[in-house]
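Shown next, in structure tokens, is the structure this report addresses.
The values are calculated or read from the model by the stated rules, or taken from the named source; none is laboratory data. What you see is a predicted model; the values in this text were computed from it and never measured. Cβ atoms come from the backbone with ideal geometry, glycine included; neighbour counts cover every protein chain shown.
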Amino acid sequence: MIKLYNTLSGKKEEFSPIRPGKMTMYACGVTVYDYSHIGHARGAVAFDLIQRYFRRKGFDVTYVRNFTDVDDKIIKRSKEEGIAPAEVAHKYIFAYQEDMKRLGVGRPDIEPRATEHIAEMIEVIKGLVAKGHAYTIDGDVYFRVASFKEYGKLSKRNIEDLKAGARVEVDERKADPIDFALWKKSKPGEPAWDSPWGPGRPGWHIECTAMGFKHLGQTFDIHAGGKDLIFPHHENEIAQSEAFSGKTFANYWLHNGFVNINQEKMSKSLGNFFTIRDILNQYDAEVVRLFLLSTHYRSPIDFSDANLKDARAGIDRFYTMKEGILKFLAGKKHPAVRPEDVIEVTDRQLYEKILNLSKAFEEAMDDDFNTALAIGLIYDLVREVNRILAEADKKNEDAVIFLLSAAAASFDDVNRTLGIFLRDPEEWFKEGRLADSKVSLSVERIEELIHLRNEARVRKDWAEADRIRKALDDGGVELFDRSDGTVWKPK
């Protein structure tokens, strides 16, 4: 049974779907006026994994993640770039999808855009006005917060406190300072759609209500987003949705934690604002994905060079082990005996642990998607498998084949859900490690220099061999001379 932390109740709850065997999930997407940042990547990776895990557990999943493609920031950017707002949105939607693909984040089942759902938004707003939950003023429409008695139930905020300390734009026309816009009268030159209240465009909050209603129904299982969206965005979504339908909008609310940069809040004003593209120009995408999954999705995460280097080192360890497994098993036939006939007593507990990895992984993930624990299980097993590899020549070959074959299958099973550790080791060592290193040489040049150095060593031209080694060292490459040849890695 999957347990998840529900922001609405403030506790972990057993997941009970609306329809048996099905799971519906809506995640708030990005406002497409700029390249997306590492905070956006955090939520995208977390919720992509959560929907993957539900599929692993046999659920029929419908996953929706939207784009806000009409907004004040988009209009401002269109003026700065000298192109239409729709072109701005298209440009950054394409960029976002490219970034997600590199991070191993799959496309949702449905990826709606706000501008494709104007008619649905208007219908909801008309209904809210008819029911007395909204009112019109000179082409604008506002939601009457006081009309929804449960306002504040998600964020645990009190309406009176909000009124006293509200940081809202002063608009004397509103009935109450905390009322929020459902429809905005468009200014000259801005995008506009016809409505019963005149030409205008939707407010931000109404978009997700309309898109959620259309694609998942008036009640769905999970609504997800960053913690920064709890108030006011998700609080306002609940108010307008439930005031309109009279039904619970979403049964479970999931929120991912913030990303800090070197233990400080990410902010353009602090100069520590990083786009996904900035980061992927310095670090391999698998390193970034592993880094994001190595901390529980609800906890804050500290983005730093040190933490990314730790992630890279973890990937190095895994692919080094995987390379060892592949080399040992290459060309070997599956034994005709039973595992228990050849595996030593001292290794039988490890064999059971290997076979149990998938179950232990699911136990970790069933507890509010604890990827930190799940990845820890993988690392623990990597250490033990490395021991088997180191002692392979002293053990029964059939026993080692059983152990390593089972390890390869178990790792592959859980890694496909996590979306990490899936490459061929050779690809990682030649491409992945270079992506986030300071190496200034191409793989081809490195291997050419190693070949020339080996030739010099055969000739016993130690001065030339040392010269080449220094050239590689200056290029950020560290060499290791082993019995089976010379290997290298970024410094």
ask   = Can you name the helices (runs of 4 or more DSSP H) wholly within region 334-403 that have at least 2 residues being closer than 30 Å to Met1 by Cβ and in contact with a Leu (Cβ under 6 Å, 6 or more places away or on another chain)?
value = 357-366, 371-390
ask   = What do you reckon, is Asp194 in contact with a Lys or Arg (Cβ under 8 Å, 6 or more places away or on another chain), among the acidic types (Asp, Glu) and under 22 Å from Thr115 (Cβ atoms)?
value = no
Qualifying position, being at pLDDT below 95, in a loop (DSSP other than H, G, I, E, B) and either more than 26 Å from Ile75 (Cβ to Cβ) or touching a Gly at 6+ places or on another chain (Cβ under 6 Å) (or both), among Asn260, Asn272 = Asn272
query = Could you count how many residues in region 275-304 are buried (at least 21 other Cβ atoms within 10 Å of the Cβ), in a helix (DSSP H, G or I) and not hydrophobic (A, V, I, L, M, F, W, C)?
reply = 2
inquiry  = Considering only region 210-217, I want to know if a residue exists there that is assigned to a strand (DSSP E or B), closer than 23 Å to Ala119 by Cα and hydrophobic (A, V, I, L, M, F, W, C).
reply    = no
request  = Select from region 403-449 the residues that are of a type in the set (Val, Ile, Thr) and either surrounded by 20 or more Cβ atoms within 10 Å (Cβ to Cβ) or modelled with pLDDT of 85 or more (or both) and list them in ascending order.
outcome  = Val414, Thr417, Ile420, Val439, Ile446
ask   = Which of the residues that make up region 206-240 are crowded, with 21+ Cβ neighbours inside 10 Å and without any contact (Cβ under 8 Å) to a residue 40 or more places away in the chain?
value = Glu237
inquiry  = Looking at region 68-77, can you tell me whether even one residue there is within 28 Å of Ile301 (Cα to Cα) and crowded, with 21+ Cβ neighbours inside 10 Å?
reply    = yes
